[in-house]
Amino acid sequence: MDPDPILEVKDLRTRFHIAEGTVYAVNGVSFHLNHGETIALVGESGCGKSVTMLSIMGLIPIPPGEIASGQAFYNEQDLFKLTEQEMEQLRGKDIAMVFQDPMTALNPVLTVGRQLGETQRVHLGLSKDEIQKRSIEMLEKVGIPDPARRLTEYPHQFSGGMRQRAMIAMALSCMPSILIADEPTTALDVTIQAQIVELVQAIREQFNMAVIWITHDLGVVAEIAERVLVMYAGFIVEEAVVDDLYEDPRHPYTLALLDALPRVDRRRDRRLRSIPGAPPNLLVAPKGCPFAARCELVFDHCREEMPPLIQVAGNHHQAACWIDVTTGKPR
Amino acid sequence: MAVPPPTPVEKDQPLIQVQQLKKHFPIRQGLIFEKEVGSVKAVDGITFDIRKGETLGLVGESGCGKTTAGRTILGLYPITSGSVMIAGISLEHADNEHIKRLRRKAQMIFQDPYASLNPRWTVSAIIGEPLRVHKLLPDVKARDERVHELMLKVGLSPRLINRFPHEFSGGQRQRIGVARALAVNPEFIVCDEPISALDVSIQAQVVNLLEDLQDEFTLTYLFIAHDLSMVRHICDRVAVMYLGVIVELTDRNELYENPLHPYSQALLSAVPVPDPKLSRQRQRTILPGDVPSPINVPSGCRFHPRCPIAQEICSQQEPEWRELNPGHWVACHLV
């Protein structure tokens, strides 16, 4: 492990208290992010990947939300101990976020220039002229043609891909050291997705930024990430360097997920392997392994106790499973 | 006008024949004296057959007209020009009565299982609706029995027959949509992005279900999708659409292994592969810019402003739709 990670999260638990009961959204998540590294947080809808990031950013509404436990160290300060004011200083300046749907994340009644300038005015205290100059530079960097005119336009005048570029320009405008990208390409077509992936990769190298890429798309992960965390029902069930995860998955869920994917580069050789059932109801307090009900290798102990995330192979390859999937037998 | 009854079509014979189909949506301006100031050329002359028992994939980026094509083929939009024949009946000449009869042959599964089911209806009412509309099983008890049977077919427990859509997960809702489409024993189903709103682990369930039903009832599918990996898996032949026209049409393996049109090539190279080593080696063609507006279509070949190999002729002449190899159709000057 890097002796000095830029972000370290320990035992994060986030819950929501709603009329129907308590939603156990994140159930003890720990991970770290190194300087300049790109990690991917992968999982299906409702697995807690976005809630994890929103918790770290202090963007969970409390109530109904509750951070039941956890620490998140950024530059040796615990983000959960900061006041709202201190957090505001940090958000957008040190840690910036890009959201899935650029249309709802942008304010429709303000020009793109006004929104792009806002973070710079608040965090950097720049003058109007400086902001104008930097904004044009930023739009140029993310590949928006004719930036001076584009600054005076409103979000609805931008196409989906251009809006996402503008969002990225906003996130980058204060040179953050961490960029959190929450499904930034999910709403876009593949050709535009390819443009955005390439853009983020280029910018990351240029600014030496660390990136957390949240997605459900294992294809995009293979392209962009150096290390991958797989989440299921609020738990991290596997963590590995990207090559190891795809070549040698060690959690039955990761295995099943990779098997359920059709491949664009291969001829069809069989039916898709489907994972029976659906993810568990998060309104029930977790007991045992959350994947047990859908797992082929399940045995009694799985339903009783949640397996810890332990090292199962070299390169800090970790999995949370009582079974060794290479042998099919309990460890 | 007299329209012949649908003729039975043998397996592998053309069930659907689409000829030079166009669907334009007029843009009107003015409050009292409305006048047409232009049109959205959503579908602008497409030609293909779908054989009985086959799955034809229709792929392309959002706004390319693939959904409009599917809906026009089912008679949900009036045709601007061109023709659609379903089992020998032309949509153009069909009156309401015949369109209704056609609808028993041709059904649709929608993209969003949250929006396509009436939230105030029970599963029984939703799946039974086509039977009621077509007056197939007027007896309530017989209808309920049929709904039972359909629920079993799509893997839903008939115990849930009186539940409402909100009590089901996304995958289960899509199964309800499939059961509704199957209710009238159709021959042809337009699947409009049936799995794109579902999670990966659920997608495989629905795709396998669609395949099983196809085998059992010799169903013919038009599978509209933007997920090119899934299209390769499920479709026999694939048509690639760009800005209202089909630019390439061929067998799935031929398209994925030997794409001829530069747009197909770029589209396929943009699809991420779940294999990190391979994706580091892959050569990608990244297309510049966005899809142009279907109101002002570029001259000549519509793809020429984004095409990496465009030449002068491309902006002047529309390329011919020709069969380059047996069964491999493409519209490009330069191949």
_Filter result (in contact with a helix residue (DSSP H, G or I) (Cβ under 8 Å, 6 or more places away or on another chain), in contact (Cβ under 8 Å) with a residue 12 or more places away in the chain and of a type in the set (S, T, N, Q)) within the stretch A:185-205_ = A:Thr185, A:Gln193, A:Gln195, A:Gln201
*Taking only the stretch B:284-307 into account, find how many residues are within 12 Å of chain A (Cβ to nearest Cβ) and either at negative phi or touching a strand residue (DSSP E or B) at 6+ places or on another chain (Cβ under 8 Å) (or both).*
11
*Taking the stretch A:39-53 as the search range and keeping residues that are surrounded by fewer than 23 Cβ atoms within 10 Å (Cβ to Cβ) and among the polar types (S, T, N, Q), which one is nearest to the other protein chains (Cβ to nearest Cβ)?*
A:Ser45
*Would you check if A:Gly58 is surrounded by 18 or more Cβ atoms within 10 Å (Cβ to Cβ) and assigned to a helix (DSSP H, G or I)?*
no
*In this structure, is A:Ser177 hydroxyl-bearing (Ser, Thr, Tyr) and at pLDDT 85 or above?*
yes
*Answer yes or no as to whether A:Leu255 is more than 10 Å from chain B (Cβ to nearest Cβ), among the hydrophobic types (A, V, I, L, M, F, W, C), under 25 Å from the mean Cα position of the chain (by Cα) and not in a loop (DSSP other than H, G, I, E, B).*
yes
*Can you name the residue in the stretch A:298-313 that is out of contact with any Phe, Trp or Tyr (no Cβ under 9 Å at 6 or more places or on another chain) and in contact (Cβ under 8 Å) with a residue 40 or more places away in the chain and, of all such residues, is surrounded by the most Cβ atoms within 10 Å (Cβ to Cβ)?*
A:Val312
_Selection within the stretch A:274-295 - crowded, with 17+ Cβ neighbours inside 10 Å and at the interface with chain B (Cβ under 10 Å from one of its Cβ atoms)_ = A:Ser274, A:Ile275, A:Ala278, A:Pro279, A:Arg294
_Take the conditions under 19 Å from the mean Cα position of the chain (by Cα), more than 14 Å from every other protein chain (Cβ to nearest Cβ) and assigned to a strand (DSSP E or B) and apply them to B:Leu76. Does it pass?_
no
*asked:* Being assigned to a helix (DSSP H, G or I) and of a type in the set (Val, Ile, Thr) is the filter here; which residues of the stretch A:99-134 pass it?
replied: A:Thr104, A:Val112, A:Thr119, A:Val122, A:Ile131
*Output the residues belonging to the stretch B:214-231 that are surrounded by 21 or more Cβ atoms within 10 Å (Cβ to Cβ) and touching a residue at least 60 places away in the same chain (Cβ under 8 Å).*
B:Leu219, B:Thr220, B:Tyr221, B:Leu222, B:Phe223, B:Ile224, B:Ala225, B:Leu228, B:Val231
*Could you run through the stretch A:172-207 and say how many residues are in contact with a His (Cβ under 9 Å, 6 or more places away or on another chain) and within 14 Å of chain B (Cβ to nearest Cβ)?*
4
_Complete set of residues in the stretch A:106-132 that are surrounded by 16 or more Cβ atoms within 10 Å (Cβ to Cβ), among the hydrophobic types (A, V, I, L, M, F, W, C) and within 13 Å of A:His156 (Cα to Cα)_ = A:Leu106, A:Val112
*asked:* Quick test of your reading of the structure: B:Gln174 fulfils all but one of (1) within 14 Å of another protein chain (Cβ to nearest Cβ); (2) in a loop (DSSP other than H, G, I, E, B). Name the failing condition by number.
replied: (2)
*B:Tyr114 fails exactly one of the following numbered conditions: (1) under 22 Å from the mean Cα position of the chain (by Cα); (2) surrounded by 17 or more Cβ atoms within 10 Å (Cβ to Cβ); (3) touching a residue at least 40 places away in the same chain (Cβ under 8 Å); (4) more than 21 Å from B:Val18 (Cβ to Cβ). What is the number of that condition?*
(2)
*Do you know which residues across the stretch B:89-127 are farther than 22 Å from B:Thr220 by Cα, modelled with pLDDT of 90 or more and assigned to a helix (DSSP H, G or I)?*
B:Val123, B:Ser124, B:Ala125, B:Ile126
*asked:* Can you name every one of the strands (runs of 3 or more DSSP E) wholly within the stretch A:137-247 that holds 3 or more residues which are under 16 Å from the mean Cα position of the chain (by Cα) and not β-branched (Val, Ile, Thr)?
replied: A:178-182, A:227-232, A:235-241
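The values are calculated or read from the model by the stated rules, or taken from the named source; none is laboratory data. No experiment lies behind these values; they were computed from the predicted model shown. Using ideal geometry, Cβ is built from the backbone for each residue, glycine included, and neighbour counts are taken over all protein chains shown.
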